[in-house]
Amino acid sequence: MEYEDTIRRLPAVALRGMAVLPGMILHIDIARPESAAAVERAMLADREIFMAAQKDSSVEAPEMEDLFYMGTVCHIKQVMKLPRNLLRVLVEGKVRGEMLSLSRELEGLEAEVALRQMDEKVPAGLYEAMLRNIKDLFSEYCGGNEGISREAADQILRSDDLIYAMNQASLQIQLPFEKRQRLLSASSIPEYYEALGMILTAETEILKLRREIAMKVKERVDKNQKEYVLREQLKVIREELGEDTAAGDIERFRASAKSLKAKKEIKDKILTEIRRLENLPGMSPESAVLRGYIETLLALPWDKTSRDRADLARAREILDRDHYGLDKVKERILDFLAVRLLTGKGDGPILCLVGPPGTGKTSICRSIAEALGKKYVRLSLGGVRDEAEIRGHRRTYVGAMPGRIAAGLRKAGVKNPLIVLDEIDKVSSDYKGDTASALLEVLDSEQNAHFEDHYVELPMDLSEVLFITTANDLAPIPGPLRDRMEIIEISSYTENEKQHIAREHLLPKQKEASGLKEKQLFISDEALCDIIMKYTREAGVRQLERRLAEVCRKTARIVLEKKEKRVELTRENLTDFLGNEKYSINPANESDEIGIVRGLAWTSVGGVTLEVEVNIMPGKGACLLTGKLGEVMKESAQAGISYLRSVAREHGISDSFFQENDIHIHIPEGAVPKDGPSAGVTMATAMYSAITKKPVRADVAMTGEITLRGRVLPIGGLKEKLLAAKNAGIGKVLVPAKNRNDMSELSSEITDGLSIVFVDTMSEVLAEALA
């Protein structure tokens, strides 16, 4: 049948994932009812049918806009019926056709098609050039594709008809339907030639790359086969020499290295060391060193991580379950977890928990690890003075080992654990190096992503480690190291907090340790209060736990010996369990006295009240200071004397008084060292009272640093000092005005019952303190 550029109405079939080119003969399976109806209509007419490809194969009922407009008019050569209402149709592409319209009839799709013959008007020279170029490209393609029939290729290469050569070449190439559709859409010979030329060039390059990849794979397989044969031979030789154990270890090392989660350069380094070990004699001393080094590298968690907990509510529940109070720490950890959940990043803060002993710094770190779902590693730095403890020893030394950081990661088994650097204020230095300086890189989030241990000799990523350090005092920590940490202060527990901790945590723990049931021991609130106040003196709860453990042990003995079912501990029988009271609270004086002032001090076990006593004696103007006072405290006393001398005339003190009298300042408990500037106003007030013979109110306590001009400067440890004043029955406390902001952080439990007066100058102190 001759095809001219005319318009015809033909049954239409929408093809999914395929396109038919003129000259192609292929089988097509028809499943859609409307497509089957179109085939039947075509069979009843002249067997001509229009086939166009769908743009989206998932569309079940395509409209005109879902099809490519350029398709092919095909001749149906054969139709076979298959099971499940399928038709297998053998068609031959005849001519290109452009779809002008598409309608859906009862008998299937029908398209109005404009037949498009390709414009064959091409200059003779250009025609010949395109023909030769297509033949060259196709010949090169055939050279790399053994699947093309030699006869079909020869026909194309011998042909002088450009259109025939291009049509047949396009039929021989395995192409996706999108590329076939591009060829089908070409309206002229140059356009057809350009599209086919690009496809042949690209396919030829792909074939070259496939051949190169296949050659490399073959070479690698051949090499592996050769290595396998040689290793088997080597294995037999070593078995004959009795060295089969070492060979087994090397194979195990190789297998571990291949399965190791690590970067390529790390794996290459490990494999290089394994090859070195393989070439060493079994009895060589270096062999044992190298074997230990390889085992260390394989044990480190280079890129292995654990999944953090993503439940904020559960994390808070765990923190509250294990510890009472410590709100600042809990809030900071929950803030970190919230940011981690929002950003998905692993960088964490480097926290430093600072507080007195026994306040739960180390134990809350374990709870934090559980709350965040992290592995927990604790490194005690107390007494560490060798830099190699942190960075490791170089492998040239006998007995070299990795540092504590690398060992901690190895113990955790993941690269993102929680590492607690305990007692960081206790590190020291000697001729072997400065430990604190070695920690600078570890605790710097900008540098620790490439931390290098001297033993490992490979960069280790510490950026995902959550470091928490603990300390009792910030003073010994060097400034640069302190600057890298976020300081969170943990202050002393109040009496109420200690009662909660004892009831909710310590007592159940000691009952279980002593084998007691819950109902076998009852401690009254009064007895528990006496244990806290009269049998312990501490900022934390360690002594309290020991006292409760002692009570539980004696209860266990009573239960066994006297067959008691329930033991009650009250204030009346407390001495039977714990003996006489160990500590007593120095209460406020009953009457106002001259030269005696109650001061407030902070100690490592909490706040205490100190009585400052001053006596005036005839003499030559000497100032005696007793009570084991430190240098800072002595200087505060001198500043107080200088202030009093400067205002002597205003207060009726003669000019000769300080030349004719000696002043003796004494602070009781002489065996206990005392230091710090916060007793400055207390000593100045006591001296003023003794000089002027004016009594000081017994219910007043004070704290603050004094200057030469009589200004009162702020102090630290305000919470502990106020707690000590309240326990001593003090009614009024004089506090530096610049500590006003610190009051907002104190609970009402501490401040209730106290009259707190803020003072700026010594004149205000004297006005409030003197009776």
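The table for this structure:
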| read-out | value |
| --- | --- |
| Length-normalised contact order for segment 521-580 - Cα pairs under 8 Å, 6+ apart - percent | 52 percent |
| Protection proxy ranking, peptides 757-770, 478-491, average beta carbon neighbours within 10 Å, highest first | 757-770, 478-491 |
| From the C-alpha gyration tensor of segment 468-515, square roots of 5λ in Å | 34, 13, 8 |
| Positive-pole candidate from C352, M401, M130, dipole of the chain, charges at beta carbon | M401 |
| Rel. contact order, % - alpha carbon contacts under 8 angstrom, at least six apart, segment 442-559 | 21 percent |
| Among I594, H450, T536 the positive-end extreme of the charge dipole of segment 444-597 (Cβ point charges) | T536 |
| Label-to-label distance, nm, for residues given as E205 and S654 (7 Å Cα→Cβ offset) | 11.2 nm |
| Protection proxy ranking of 59-70, 582-593 - average other beta-carbon atoms within 10 Å, highest first | 59-70, 582-593 |
| Cα-based shape type of segment 439-510, given that a ≥ b ≥ c are square roots of the gyration tensor eigenvalues and the cut on a/c is 1.5 | prolate |
| Sorted peptide list for 157-166, 177-186, 559-568, criterion being average Cβ within 10 angstrom, highest first | 177-186, 157-166, 559-568 |
| Simple Cβ-charge dipole of the chain, Lys/Arg +1 and Asp/Glu -1, about Cα centre, in debye nearest 20 | 2120 debye |
| Separation between Cα centres of segment 480-552 and segment 71-144, rounded to whole Å | 90 Å |
| For the chain, accessible area per residue (1.4 Å probe, heavy atoms of protein chains only), Å² | 51 Å² |
| Cα gyration tensor shape of segment 454-609, rounded if a/c is under 1.5, else prolate or oblate by comparing a/b with b/c | oblate |
| Segment 570-705, dipole about Cα centre (Lys/Arg Cβ +1, Asp/Glu Cβ -1), debye to the nearest 20 | 280 debye |
| Estimated FRET transfer efficiency (T570, L474; beta-carbon r; R0 51 Å; 0.05) | 0.75 |
| Förster radius 22 Å - calculated FRET efficiency between T6 and S103 (Cβ-Cβ, nearest 0.05) | 0.70 |
| The chain, relative contact order [Cα under 8 Å, separation at least 6], % | 7 percent |
| Counted charge near L458, where neighbours are those whose Cβ lies closer than 9 Å (Asp, Glu -1; Lys, Arg +1) | -3 |
| Antiparallel DSSP beta bridges within the chain, as percent of all bridges there, nearest 5 | 60 percent |
| Links that overshoot a 18 Å alpha carbon limit, given the list K264/K304; K562/K582; K330/K509; K328/K509; K216/K269 | K562/K582; K330/K509; K328/K509; K216/K269 |
| Segment 515-646 - percent of accessible surface contributed by carbon and sulfur, probe 1.4 Å | 48 percent |
| Contour excess over end-to-end distance, with Cα ends at R314 and A737 and 0.36 nm allotted per residue | 148.1 nm |
| Computed [θ] at 222 nm, helices only, for the chain once each DSSP H run of length n ≥ 4 contributes -39500 (n - 2.57) | -13500 deg cm²/dmol |
| Gyration tensor (alpha-carbon) shape descriptor, segment 75-133, a/c threshold 1.5 | oblate |
| Potential lengthening between I487 and Y583 on full extension [0.36 nm per residue; Cα-Cα distance subtracted] | 31.3 nm |
| Within the accessible area of segment 329-458 (1.4 Å probe), percent carbon and sulfur | 49 percent |
| Size of charge dipole - segment 449-600 - debye, nearest 20, with Cβ of Lys, Arg +1 and Asp, Glu -1, no other charges | 1180 debye |
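The values are calculated or read from the model by the stated rules, or taken from the named source; none is laboratory data. It should be emphasised that the depicted structure is a prediction, and the values quoted were computed from it without experimental measurement. Cβ coordinates were reconstructed from backbone atoms using ideal geometry, including for glycine residues, and neighbour counts include every protein chain displayed. SASA here: full protein model, heavy atoms, side chains in, ligands and nucleic acids out. Shrake-Rupley method; radii C 1.70, N 1.55, O 1.52, S 1.80 Å.
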